[in-house]
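Worksheet: one structure, shown below.
The values are calculated or read from the model by the stated rules, or taken from the named source; none is laboratory data. All values derive from a computational prediction rather than experimental measurement. Because the Cβ atoms are built from the backbone with ideal geometry, glycine has one as well, and the counts that use them run over all protein chains shown. Just so you know, the surface numbers come from the protein's heavy atoms only, side chains and all, with ligands and any DNA or RNA stripped out. Shrake-Rupley method; radii C 1.70, N 1.55, O 1.52, S 1.80 Å.
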Amino acid sequence: MGGGRIFKVARISFFFSTFIAHAHTHIHTLLFFALYYPMKSFSFQEVAQHNSKDDLWIVLHGKVYDLTKFLPEHPGGQKIILKYAGKDATSAFDPIHPPDIIDRYLSPEVCLGKIHEAELNAVVKVETELEKKMRLAHESKPRLDEMYNTFDFESVAKSVLSPDAWAYYSSGADDEFSMRENHSAFHRIWMRPRVMVDVAKVDTSTTMLGTKCALPLYITATALGKLGHPDGEKVLTRAAGTRGIIQMIPTLASCSFDEIVNERVDGQDQWLQIYVNTDRNVTKRFMQHAESRGIKGFFVTVDAPQLGRREKDMRQKYSQQAPDEMDNETVGRDEGAARAISTFIDPSLNWKDIAWFKSFTNLPIIVKGIQTVEDAVLAAKYGCKGIIISNHGGRQLDFAPTSIEILPEVMDALKRERLDEGFEVYIDGGIRRGSDIIKAIALGAKGVGIGRPFLYAMAAYGQAGVERLMDIFRDEIEMNMRLIGAPTIADLKPEMMDIRNLKDHIVAHPIDHLATGVYERMHPRLNKSKL
């Protein structure tokens, strides 16, 4: 989640969920102030005078806010807010936050008024060097019809994204071994195609949590979509609706939950990913609101009692914010966005909490982040509807196993315990080809989650890019099903896969030039300090 931001994502879930719980109170309060306290107008020159820790105003979308009292409470530290003290911070604020998040969470009194309308209209947008570079990259990028695979989209996204966005989207935990292994592990599975099978017609559709889907994949939850596109997660919603794909909405979205839900078309189903808040009532109210809006399942992230150390993101933050001063308070809270997020996540979450979830919702509960056979079995025994085998895209515990690597043994264990009936297993992480999806389905997965590739397609080409990538996956899945001899998803069986080398981490396999070609290597800090 890179630097250059005002309100860190640690507050996003709490802000939004608290607002949902107290929506009527907030709305009535805001209406009262709007009716009886007309907005005062300020000039930019007046705002500029309030630029210190003891007197700090900023401008967001033409409104003037006094954030003096909030400054010490900011989970990302004071420095980034001070950077925009007395200035218009809209461009830094927008990519990260749902609209009106300040009005939702902070008291109405912090909004002092608005900028003179004449001044706002007179503002001439000056293109920064970074904006110019990004614009030129977009203007010179290949045509959409030249995109043939996920790696094409990734390479274009790297050139058009801001350094902050690229650092957040592409980073993994520590040395990024798990992140890289997520994809490499699929190369240790070879296919055993059957011939003389009638594959004149191939049906790629399936059912996931009772929803008929065009493909055995879903858009998995990925935070901060507006880093890649001004419309953020709404772009993914629209694309999913046109292609019959399920979208899992992230708790930490750039758009508000209701904005995303409002974009869906008739008959389009969505899931919701949940980070459990230390204030359990916040989580409960959020889930109840989501259920009232038609969400079909809750996917509780269980692998993040603290978010991982993502050094690319952390290093980018320092490059964007070379501090003028440093003290213990800012150092501890300025270590990249991922570190800031973990402040609201409840590290006490445990298996007994499954009963708590089920006490207030009848929707399916799926735990996301299973990494061992033992925990997969426990999830079934505690009454979950399913699991996602996942190491969080290699962004949490480095050297955590890949999902595809433990999928076969998970399925075997569930069958031994007679827990497999009605229990749905999904995987995510490292899936870049239709052949990867075929391998996972054949080995027992109900479907697969895909995250970064859709973000890259969105960043590079918007909704059309996401739809193009979905079409590529569809074509690759259909082709592989035809060539392996499986006319339907149900015809994909474990015996069609050779997994003898799956758990052998030193087995030789052909070099994946596409993946290595887009991977950005990590480098140690050079002699010159950013500080």
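Points to keep in mind about this one:
- Heavy-atom accessible area order for L60, L106, L483, largest first, 1.4 Å probe: L483, L106, L60
- For peptides 394-401, 453-460, 296-303, sequence by mean Cβ density within 10 Å, most packed first: 453-460, 296-303, 394-401
- Under the criterion of Cα pairs below 8 Å and six or more residues apart, the relative contact order for region 342-477 equals 19 percent.
- Counting only aspartates and glutamates at least 8 places from K368 when in the same chain, those with an alpha carbon closer than 16 Å to its own are D303, D346, D353, E424, D428.
- With all protein chains modelled, accessible area of S107 [1.4 Å, Å²]: 60
- Surface accessible to a 1.4 Å probe, R243 within the full protein complex, Å²: 80
- 19 Å Cα cut-off, lysine pairs counted over region 169-307 (separation 8 or more, or different chains): 5
- Centroid-to-centroid separation of region 208-284 and region 410-434 [C-alpha atoms, Å]: 22
- Theoretical gain in end-to-end length, D504 to S292 [0.36 nm per residue, Cα-Cα removed]: 71.6 nm
- Solvent accessible area, Å² - R468, 1.4 Å probe, full protein context: 70
- By the rule of a C-alpha distance below 20 Å, with chain neighbours fewer than 8 residues away ignored, the aspartates and glutamates paired with K40 are D55, D66, D88, D100, D103, E109, E117, E119.
- Accessible area of region 128-267 belonging to carbon and sulfur atoms, whole % at 1.4 Å probe: 52
- For region 122-138 and region 462-515, distance of Cα centres in Å: 40
- Net charge contributed by nearby residues that have their C-beta within less than 10 Å of D203 (K/R +1, D/E -1): -1
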